[in-house]
Amino acid sequence: MNAAIRAATRTALYHNMEVYGIRRGYQGMIEGDIFKMESTDVSDIIQRGGTILKTARSKEFMTQEGMKKAYEQVTKHGIEALVLIGGDGTFRGAVKFFETYTIPAVGIPGTIDKDLTGSDFTIGFDTAVNTAVWAIDKIRDTAEAHDRLFVIEVMGRDAGYIALHSGIACGAEDILIPEQKTDIEAVLNHIYSDERRKKTVHILVVSEHEDFGGAEEVSKAITTRFPLLDVRTCILGHIQRGGSPTCADRVLASRLGHAAIEALLCGQTQVMAGIVNGELSFTPFANAVKQGTPISVDMLEMIRVLSV
């Protein structure tokens with residue numbers, strides 16, 4: 001997100017606009033945690049993970065009273081347009097806010113889950129996937145040395161893109177994602193087949209909210225069926241959400257930060273900037289949330305073929 005903040009700030013300043021930062025998202029908007037930003041405020045941040053403006057979930061913002069406070073603070077500070085960076089929650093909040101209050105706004109997709117419609121990739125996804133790949137590669141070394149079966153859980157609350165991409169990149173034998181009902185019998189049969197062929201390494205990559213219950217439940221099912229197998233569970237957790245962003249994420253964030261300001265100058269509002277097939281695209285907030293891009297059937301079939 002820092003790269004997007006940097007790009008949006010400097011593009012706005014280039015066009016002689018005043019820029020204000022709002023700390024802690026909607027909650028900071030409600031509390032008036034707003035300060036004027038200059039070019040130096042975004043120096044030396046493009047390589048840093050997280051966000052210098054910080055973030056917070058705000059239940060208060062989803063109330064009429066909370067939105068009223070937020071709008072009053074925006075008006076008080078003379079803010080004439082908003083750039084919103086976030087995921088599903090950010091844009092759901094925006095849809096509700098703009099039902100009542102009118103102020104130009106453009107969004108930037110910032111979520112590791114890649115679960116927004118209107119952009120092929122979202123800021124943070126590539127970094128999260130590469131972190132998962134780095135971790136799974138190291139775990140595979142241990143699996144090979146000790147003939148162990150590892151069930152590795154990655155993030156992905158309602159979307160399995162991190163599991164899908166990292167699992168393919170690391171040669172996982174099975175990948176379990178929320179978009180596809182888990183056939184645990186097929187997983188167990190696959191393990192049985194590998195054991196008969198004396199395949200010594202078996203890596204399962206599991207999204208945290210796949211329907212069978214996540215890595216812990218999958219591990220229990222495997223251990224129950226194969227009590228002699230050395231089964232280990234590893235939950236990668238929040239390691240996927242931090243760290244220096246990849247080149248791809250820095251470039252994506254810079255393009256979208258710049259595009260958000262240019263869109264505002266052209267009169268666009270209540271749209272999310274994204275990249276579709278390499279080109280800039282703008283999607284209404286209401287269409288961006290929780291529709292997602294369907295998991296490719298070709299990729300799912302490829303997993304089955306490559307795991308033989």
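Miscellaneous remarks
- The GluC sites (Glu not before Pro) of region 18-77 that DSSP puts in a loop, and whose beta carbon has at most 14 other beta carbons within 10 Å, are Glu18, Glu38.
- For region 201-263, the convex hull drawn through the C-alpha positions has a volume of 132 cubic angstrom per residue.
- Solvent-accessible area per residue, Å², over region 187-233 with all protein chains present [probe radius 1.4 Å]: 54 Å²
- Cα-centre dipole for region 143-215 with unit charges at Cβ (Lys and Arg positive, Asp and Glu negative), debye to 20: 280 debye
- For region 7-58, a Kirkwood hydrodynamic radius built from all Cα pairs, placed in the Stokes-Einstein relation at 4 °C and 1.567 mPa s, yields a translational diffusion coefficient of 110 µm²/s.
- If R0 equals 51 Å, the separation of the Cβ atoms of Asp137 and Met62 corresponds to a calculated FRET efficiency of about 0.80.
- Were the residues from Phe212 through Ala248 laid out at 0.36 nm apart, the gain over their Cα-Cα distance would be 9.7 nm.
- Counting only lysines at least 8 places from Lys138 when in the same chain, those with an alpha carbon closer than 30 Å to its own are Lys114, Lys181, Lys198, Lys199, Lys220.
- Sulfur and carbon atoms: percent of accessible area, the chain [1.4 Å]: 52 percent
- Net lengthening on full extension, Gln180/Arg241 (0.36 nm per residue, minus Cα-Cα): 19.6 nm
- Taking each DSSP H run with n ≥ 4 as -39500 (n - 2.57) and averaging over every residue of the chain yields -13500 deg cm²/dmol at 222 nm.
- One chain, two ends: Arg232 and Ser39. Fully extended at 0.36 nm per residue, the span grows by 64.6 nm beyond their Cα-Cα distance.
- Shape analysis of the chain based on the Cα gyration tensor places the equivalent ellipsoid semi-axes at 42, 18, 17 Å, largest first.
- For region 27-90, a/c is not less than 1.5, where a ≥ b ≥ c are the root eigenvalues of the C-alpha gyration tensor, and a/b does not top b/c. That puts it in the oblate class.
- Region 14-85-region 243-283 distance, computed between alpha-carbon centres (Å): 18 Å
- Accessible area per residue in Å² at 1.4 Å probe, computed on region 246-296: 47 Å²
- The amide H of Thr246, built 1.01 Å from its N in the peptide plane, has Thr127 as neighbours under 5 Å, considering only residues 5 or more places off or on other chains.
- For Lys76, a cut-off of 19 angstrom between C-alpha atoms picks up these lysines, skipping any fewer than 8 places away in its own chain: Lys36, Lys68.
- Restricting region 1-77 to trypsin sites (Lys or Arg not before Pro) in coil, as DSSP defines it, with at most 16 other Cβ within 10 Å: Arg48, Lys54, Arg57, Lys59
The values are calculated or read from the model by the stated rules, or taken from the named source; none is laboratory data. Computed from a prediction, not measured in an experiment: that's the story for all the values here. So basically every Cβ, Gly included, is an ideal-geometry build from the backbone, and we count neighbours across all protein chains shown. Quick note on the areas: whole protein, heavy atoms, side chains included, nothing else; ligands and nucleic acids left out. Shrake-Rupley method; radii C 1.70, N 1.55, O 1.52, S 1.80 Å.
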